[in-house]
Every structure is written in structure tokens, then in C-alpha cells.
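J.: Below you'll find the structure I mean.
The values are calculated or read from the model by the stated rules, or taken from the named source; none is laboratory data. Quick caveat: nothing in here was measured; it's all calculated off a predicted structure. Cβ placement follows ideal geometry from the backbone for every residue including glycine, while neighbour counts extend to all protein chains displayed.
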Amino acid sequence: MKWSLPLKIIYRGLLGLVVFVIILGIANFLKAYINHPFYHFFVNTFNSALWIIIALSVLFLAADFFRVLQFPYNLPCPIINAFAYVYLTSFLFELIPLVEYLAKTEMPWDFGLLRAILAVSVFALVAVMGYVNIFIKKYRKENKKEKKPSKK
């Protein structure tokens with residue numbers, strides 16, 4: 001059976017998400033048998049960020065799905081991708097307590113304002129660059145069609 005590219009993207013994305021959830025489930029099961037504070041903190045960090053990780057995976061999956069479609073059906077891709085990158089930055093901020101725990105230090109400042117500014121900046125930058133990329137590809141494709149010599 002030959003699969004189309006959008007179906008392959010969906011299959012791979014969902015398979016990766018399912019594998020991650022299974023590994024996290026096994027890690028939660030092993031918490032009862034592993035008595036190390038770092039292991040518990042690590043697993044609890046990923047448990048608390050599970051919904052962010054799922055949203056991140058689904059958004060990147062949807063963006064990849066729309067990316068492979070032809071113009072104008074690929075127009076939702078940059079917006080979905082921008083939301084995915086906002087979730088990615090949010091996830092990275094969720095990992096700060098893990099880094100603090102590893103470094104055995106504490107950050108003396110609050111990241112609330114930086115997080116908000118970074119989220120808006122990342123969203124705008126990814127969306128604009130995505131649309132620029134789409135229209136550059138469309139322009140190049142149209143120029144190739146115009147420059148092809150006709151066969152006589």
C-alpha cells in the first residue's frame with residue numbers, strides 16, 4: 001500500500017507522540033521502584049508539562065500537514081507553526097526549574113515579562129517568515145513556468 005505524504009506525516013507524528021506517552025507512563029511506573037530525588041523531579045517536570053507537550057506535538061503535526069499541501073491550502077501553516085513555537089518557548093520556560101535543580105541554584109528574577117515578550121515576538125517572527133517563505137516559493141514556481149521554452 002502506497003501512502004501519500006500527508007498521511008505519512010500524520011502517522012509519524014502520532015506514532016512519536018504515542019511512544020513519548022508510553023515512555024512517560026513507564027517512567028511513572030518506575031517511580032515506585034527508583035528512589036532518587038532527581039529522577040522523581042525529572043518525571044514530575046514532564047508530567048506537569050504533558051499537556052504542553054501534547055499541544056506542541058499536535059500543532060507541529062498540523063503545521064507539517066499543511067506545509068506539504070499546494071498553495072493556497074498551505075496558508076494555515078505559518079499561523080499554526082507560530083502557535084507551536086509559542087508553546088515550545090512555554091515548554092522551555094517550564095524546564096527552568098529542572099535546570100535550577102540540576103545546577104543547585106535559584107534564579108533571582110521572575111521570567112513573567114520576558115516570557116510574554118518572547119511569546120509575542122516568536123509568534124510574529126515565525127508567522128511573517130512562514131508567509132514570506134510560502135510566497136517566495138510560489139513566485140519561484142511561477143517564474144519557472146514562464147521561463148520554460150515551448151517545444152515546437
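J.: Taking THR105 and the conditions (1) part of a loop (DSSP other than H, G, I, E, B); (2) of a type in the set (Ser, Thr, Tyr); (3) surrounded by 15 or more Cβ atoms within 10 Å (Cβ to Cβ), which numbered condition does it fall short on, given that it satisfies the others?
T.: Unmet condition: (3).
J.: In the list PHE46, PHE29, PHE42, which residue meets the criterion of being in a helix (DSSP H, G or I), without any contact (Cβ under 8 Å) to a residue 12 or more places away in the chain, over 30 Å from MET129 (Cα atoms) and aromatic (Phe, Trp, Tyr)?
T.: On the way: PHE46 fails: without any contact (Cβ under 8 Å) to a residue 12 or more places away in the chain; PHE42 fails: without any contact (Cβ under 8 Å) to a residue 12 or more places away in the chain.
Sole residue among the options that is in a helix (DSSP H, G or I), without any contact (Cβ under 8 Å) to a residue 12 or more places away in the chain, over 30 Å from MET129 (Cα atoms) and aromatic (Phe, Trp, Tyr): PHE29.
J.: Out of contact with any helix residue (DSSP H, G or I) (no Cβ under 6 Å at 6 or more places or on another chain), of a type outside the set (Asp, Glu) and more than 30 Å from LYS137 (Cβ to Cβ): does that describe SER48? Quick ask: steps written out before the conclusion?
T.: On the way: out of contact with any helix residue (DSSP H, G or I) (no Cβ under 6 Å at 6 or more places or on another chain): yes; of a type outside the set (Asp, Glu): yes; more than 30 Å from LYS137 (Cβ to Cβ): yes.
Taking the combined requirement at face value, the residue satisfies it.
J.: With respect to ALA103, is the statement that it is over 30 Å from PRO37 (Cα atoms) and not hydroxyl-bearing (Ser, Thr, Tyr) true? Don't jump to the end; show me each part of the working.
T.: Working: over 30 Å from PRO37 (Cα atoms): no; not hydroxyl-bearing (Ser, Thr, Tyr): yes.
The answer is no for ALA103.
J.: Now a separate question. With the condition kept exactly as written, say whether any residue in the range 110-118 is over 29 Å from LEU14 (Cα atoms), at pLDDT 85 or above and either in contact with a Gly (Cβ under 7 Å, 6 or more places away or on another chain) or surrounded by 11 or more Cβ atoms within 10 Å (Cβ to Cβ) (or both).
T.: Within the range 110-118 (the criterion being over 29 Å from LEU14 (Cα atoms), at pLDDT 85 or above and either in contact with a Gly (Cβ under 7 Å, 6 or more places away or on another chain) or surrounded by 11 or more Cβ atoms within 10 Å (Cβ to Cβ) (or both)), the answer is yes, since at least one residue qualifies.
J.: I would also like to ask the following. Which of the following residues is surrounded by 19 or more Cβ atoms within 10 Å (Cβ to Cβ) and of a type in the set (A, V, I, L, M, F, W, C): LEU69, LEU56? If you could, list the steps in order and put the result at the bottom.
T.: Working: LEU69 fails: surrounded by 19 or more Cβ atoms within 10 Å (Cβ to Cβ).
Sole residue among the options that is surrounded by 19 or more Cβ atoms within 10 Å (Cβ to Cβ) and of a type in the set (A, V, I, L, M, F, W, C): LEU56.
J.: One residue is enough: does the range 18-32 have a residue meeting the conditions surrounded by 14 or more Cβ atoms within 10 Å (Cβ to Cβ), modelled with pLDDT of 85 or more and either more than 29 Å from ALA82 (Cβ to Cβ) or over 19 Å from the mean Cα position of the chain (by Cα) (or both)?
T.: Yes, because at least one residue in the range 18-32 is surrounded by 14 or more Cβ atoms within 10 Å (Cβ to Cβ), modelled with pLDDT of 85 or more and either more than 29 Å from ALA82 (Cβ to Cβ) or over 19 Å from the mean Cα position of the chain (by Cα) (or both).
J.: Could you tell me whether the range 79-87 includes any residue that is part of a helix (DSSP H, G or I) and at pLDDT below 90? Walk me through it before giving the result.
T.: Residues of the range 79-87 part of a helix (DSSP H, G or I): 79-87.
Subsequent filtering for residues that are at pLDDT below 90 retains 87.
Yes, there is a match, as at least one residue in the range 79-87 is part of a helix (DSSP H, G or I) and at pLDDT below 90.
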